[in-house]
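Take a look at the structure below.
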Amino acid sequence: MKDAANSSPETTGLEQASLTHVSLSGYLDALLAQALAACGFPAESARVVRAGRPEWGELQCNAAFPLAKRLKRRPAEIATELTAKLGESGVFENVAVAGAGFINLTLSAQWLSRWAQAQLASPDLGVVQRAPSLVMLDYGGPNVAKPLHVGHLRSLVIGESLRRILQAVGEQTLTDAHLGDWGLQMGMLIGQIRREYPQLSCFSSDRAVAASALDEHALGFGMETLQNLYPRAAAACGEDPARMGEARDLTAALQAHDPGCIALWRAVRAMSLYSQQKDFAALDTHFDLLLGESDVEPVIGPMLDDLRRRGLCVESDGALVVDVAEIGDTQPMPPLLLAKSDGAALYATTDLATILTRVREHAPDRLVYVVDQRQSLHFEQVFRAAALAGYCERGRLIHAGFGTVNGVDGKPFKTRQGGVARLSDLLGDAIDKARERLSELSGDGHERIPAPERERLARSVGIAAVKFADLSSYRMSGYVFDPERMVSFEGRNGPYVQYACVRIRSMMGRAEARGLKPGTMRVAAPAERSLAFECARFAEVVASAADLLAPNELAEYAFQLAQAFNRFYLDCPVLAAQDCVEQRSRLALSSLTGRILAKCLNLLGIDVPQRM
Ligand code: ARG
């Protein structure tokens, strides 16, 4: 039997291969360009877009208006000519001029079915693969001796999602956490430890003794204590200039490789990293490199010499600075400070040296920094300096900033005690809420799930909730951390999407158990059409999320797709379909939806539980 997919007219070019080259919107735009040319109209950058209102059809095109202006004709006339040409393509079921010259378009059901079928057959679900370039992603950025906090949460969640999205469009990625392990905070910490643990071998006046390695046992304290030492150090240095002076001296000593300082630094760095890696694992984030500020230490001296020699950095009041102001700056652009009079390396110094190192070692096409938007001035200064020095072109350096995580009161999130919220506590809260919610679902047979699986499920749902809440608002705006709302199974949230995905999988499982298989797609009912149309948008959404470094586009799409599926599930019986052609078509559409939803969640860094 010859089915619809095989009998597709040449012009629609819906072979599976074509899907690897073009998304639905790309295809329709090309079709519009052809129609414009056939009418003898200039090729405006006209586009076919989603209809502003569902009753107008699926799509619309407003090209007639700018053309009318240009050609000094009436928009309605132009729209009529264009409509006739578009109608010949066989792609649309309905093409009509509306109002003064709008064109409303509805895809043909047969054509849409074939597109969906080709998408189902595509291993990438139709996502167009690009010529690979190398993108280095810098995210996470935890600091030694400090627990990961709510700000690091965003960086980790957004950064990890970007890694996955970029890979999905065929980019190569290399990720690095850029640990904060070399600046003044280290001197502050060492000063505090010297006060509270003066007996430690690293403080011995005997250099050989001082250099001996320290582990947790030799230190006599663990991560909990270490995390409390830093706030005490910061408070003391803030109040007492003498303590701050001491911290500066110790930072300089560390950076000059004083054996005792190095031994202590190694021990606390290892201890911190060990605990931070647990947080990375809980969030399922992947780092190719786990380098720190300290790793570029050998590069700093030669880099400063080079900059000095070329007159790019100058001495100013004993400090070394690079003038990064540009003509036309509308904001004040202070010079970039690379060394204070004590010579110690600063945050900017290590960042600049890191750019130099990354370019030398990996030659990335782009370097993307997923860091709090409040650091935008820092990155602008560093990027300009890197460009001035010829280390990296400005256009390759991108700060993908993000807004703050807020509490329900709209202010930056704080713990009940008013402190900075730890990442592990935040995740714990969300997991607790998820556990509560899941136990309320006991009517659905939830109590039959064995306890260990239930616990895994609570973790999965809790973390999905946090990630989705973080990723579903545009990264530059802040978002409200509210476990209650994040974990509800209704509304725009992670568990809702997870649940739709689980539901599809379980239905597919039931179908398989009955020997039912997906067949040729023939979308007909309105809910089927809109679901197939949503599925077809997947490729352009992934492309746009990758271009704009905006996972929120994908999160929003996943929610809409889940909604479209739920409407379909309500309106169109699948297992209880009227005949087996309809049944197999609906199974195919469900299977496609399930795969796309799972892929969306995966790109957001969210997993799909076995059952919910
Ligand atoms: N450690 C920094 C912080 O906690 C973040 C590092 C971001 N990355 C970078 N290359 N500067 O604020």
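The values are calculated or read from the model by the stated rules, or taken from the named source; none is laboratory data. Just so it is clear, the structure is predicted and the values come from calculations on it, not from any experiment. All Cβ positions, glycine included, derive from the backbone under ideal geometry; neighbour counts span all protein chains shown. For accessibility, only protein heavy atoms count, side chains too; no ligands or nucleic acids. Shrake-Rupley method; radii C 1.70, N 1.55, O 1.52, S 1.80 Å.
Cross-link partners for Lys72 among the aspartates and glutamates, with Cα-Cα distance under 17 Å and sequence neighbours closer than 8 places in the same chain left out: Glu44, Glu81.
Would you kindly calculate the mean projected area, averaged across all directions, of the convex hull enclosing the Cα atoms of segment 481-592, in square nanometres? Before the final figure, lay out each step's value.
Values: hull surface 31.1 nm².
Over all viewing directions, segment 481-592 projects a mean Cα-hull area of 7.8 nm².
Note on the chain: helix-only mean residue ellipticity at 222 nm, from DSSP H runs of 4+ residues weighted -39500 (n - 2.57) and normalised by residue number, equals -17000 deg cm²/dmol. Amide H contacts of His399 (H built 1.01 Å from N, in plane; Pro and chain starts excluded): Tyr369 sit under 5 Å, all sequence-distant by 5 or more or on other chains. Here the accessible area is traced with a 1.4 Å probe on the protein chains. For the chain, carbon and sulfur cover 52 percent of it.
The long axis of helix 526-536 is offset from the longest Cα principal axis of the chain by roughly 50 degrees. Provide the solvent-accessible area of Arg53, counting protein heavy atoms only and rolling a 1.4 Å probe, rounded to the nearest 10 Å². Accessible surface of Arg53 is approximately 120 Å². Quick one: angle between helix 551-571 and the longest Cα principal axis of the chain, in degrees between 0 and 90, rounded to 10, please. For 551-571 against the chain, the angle is about 40 degrees.
Using alpha carbons only, what's the Rg to Rh ratio of the chain with Rh from Kirkwood?
1.05
Compared with the dominant principal axis of the Cα atoms in the chain, helix 259-282 is inclined by about 20°.
Could you tell me whether segment 444-540 comes out rounded, prolate or oblate from its Cα gyration tensor? Rule is a ≥ b ≥ c as square roots of the eigenvalues, rounded for a/c under 1.5, then prolate if a/b exceeds b/c, otherwise oblate.
Numbers: a/c = 2.86, a/b = 1.22, b/c = 2.34.
Verdict is oblate for segment 444-540.
Assuming a ≥ b ≥ c are the square roots of the Cα gyration tensor eigenvalues, decide whether segment 156-265 counts as rounded (a/c under 1.5), prolate (otherwise, with a/b larger than b/c) or oblate. Judged from the Cα gyration tensor, segment 156-265 comes out prolate (a/c at least 1.5, a/b above b/c). Which shape class, rounded, prolate or oblate, goes with segment 75-145 when its Cα gyration tensor gives a ≥ b ≥ c as root eigenvalues, a/c under 1.5 marks rounded, and past that a/b bigger than b/c marks prolate? Cα axes put segment 75-145 in the prolate bin.
Separation of segment 450-521 from segment 49-126 is 34 Å, based on Cα centroids.
Beta carbons within 10 angstrom, averaged per residue: use that to sort the peptides 570-577, 373-380, 138-145, 279-286, highest first. Display every interim value, and only then the final one.
On the way: 570-577: 14.0, 373-380: 15.5, 138-145: 25.0, 279-286: 17.1.
So the peptides 570-577, 373-380, 138-145, 279-286, ranked by packing, come out 138-145, 279-286, 373-380, 570-577.
Size descriptors for segment 429-495: radius of gyration and Dmax over Cα atoms are 12.6, 43 Å.
A cut-off of 5 Å between modelled amide H atoms, ignoring neighbours fewer than 5 places along the same chain, links Val91 with no other residue.
By per-residue mean of other Cβ atoms within 10 Å, what is the highest-first order of 543-549, 469-475? Before the final figure, lay out the partial values.
Working: 543-549: 18.9, 469-475: 22.6.
Descending mean neighbour count gives 469-475, 543-549.
Length gained on full extension, Cys580 to Lys411, computed as 0.36 nm times the residue gap minus the Cα-Cα distance: 55.2 nm. Between the amide H of Ala98 and those of Ile103, Asn104, distances stay under 5 Å, these residues lying 5 or more places away or on another chain, with hydrogens modeled in the peptide plane. The smallest convex shape that holds all Cα atoms of segment 256-405, its convex hull, gives 149 Å³ per residue. Taking other residues whose beta carbon is less than 12 angstrom from the beta carbon of Cys501, and scoring Lys, Arg as +1 and Asp, Glu as -1, yields +4. Over all other residues within a Cβ to Cβ distance under 12 Å of Gly170, the charged ones net out to -1, with Lys and Arg as +1 and Asp and Glu as -1.
A crude spin-label estimate for the pair Glu55 and Ser439, with each label 7 Å from Cα along the Cβ direction, gives 4.9 nm.
Sort 96-103, 348-355 by the packing proxy (mean of other Cβ within 10 Å over each peptide's residues), most packed first.
Numbers: 96-103: 17.2, 348-355: 24.6.
Going from most to least packed, we get 348-355, 96-103.
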